[in-house]
Amino acid sequence: MKIVGLISVGVLCTVLVVVYVLEPVVFETYLIPSNMQEGWVTIEYANPKCPPLNKGRGWREYVIPESGYLCTSTQRNTEPMYQWFYLVDENGKRTRLATDEQIFQRTTIVLAAGNPNCKVVADSFWYGKRERINNEQDVALEKRHPECGGLRIPVK
């Protein structure tokens, strides 16, 4: 029985490695401070003025500031992904948040105008109660990039 068990574990590990190599999947963890007020969370990507994300091969960690606006020099992930959302208290304790209970309307926003220098891409989602969602998911991004003229292209 031990040999059959070892063979089974070996086959399973081999399958997982092959799937990982052939079909890259990224595991994304979003860490929201527990003292953050509900509202839109915006993650701006590929901004050379901002620090890179904490990441490794196959995983990324998004440490959301209390403002709800995270800017990173890291490129946006386009691979298939699994996402987890957590509230993090001042001691580092994580409490898992449920998608469609506390996390809503995940979308990608592209700010674009006739200006070729305006290449702003961000992901956005609502953290909080569903009944309080507003249509201001792009406001924080537009404030930081007035050069883009406010024209937005939401991509789901």
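The values are calculated or read from the model by the stated rules, or taken from the named source; none is laboratory data. If you're wondering where the values come from, they're calculated on a predicted model, not measured in any experiment. Positions of Cβ are generated from backbone atoms using ideal geometry, with glycine treated the same way; all protein chains shown enter the neighbour counts.
Tell me, which residue of segment 28-45 that is hydrophobic (A, V, I, L, M, F, W, C) and in a strand (DSSP E or B) is surrounded by the most Cβ atoms within 10 Å (Cβ to Cβ)? First the steps, then the outcome.
Initial filter on segment 28-45 (hydrophobic (A, V, I, L, M, F, W, C)): 31-32, 36, 40-41, 43.
From what's left, in a strand (DSSP E or B): 31-32, 40-41, 43.
Working: Leu31: 16, Ile32: 24, Trp40: 21, Val41: 27, Ile43: 22.
Ranking the qualifying residues of segment 28-45, first place goes to Val41.
Being surrounded by 13 or more Cβ atoms within 10 Å (Cβ to Cβ), over 12 Å from the mean Cα position of the chain (by Cα) and aliphatic (A, V, I, L, M) is the requirement here; does Leu70 meet it? No; evaluated as a whole, the condition is false for this residue. Residues in segment 62-80 that are part of a strand (DSSP E or B) and under 19 Å from Val26 (Cβ atoms): Tyr62, Val63, Leu70. Across segment 81-122, what is the number of residues that are in a loop (DSSP other than H, G, I, E, B), more than 20 Å from Arg132 (Cα to Cα) and modelled with pLDDT of 90 or more? Residues meeting the conditions: 5.
To keep it simple, each residue is scored yes or no on (1) within 22 Å of Lys143 (Cβ to Cβ); (2) in contact with a Leu (Cβ under 7 Å, 6 or more places away or on another chain); (3) in contact (Cβ under 8 Å) with a residue 24 or more places away in the chain.
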position: Glu44; (1), (2), (3): yes, yes, yes
position: Lys49; (1), (2), (3): yes, no, yes
position: Arg57; (1), (2), (3): no, no, no
position: Glu61; (1), (2), (3): no, yes, yes
position: Leu87; (1), (2), (3): no, yes, yes
position: Arg106; (1), (2), (3): yes, no, no
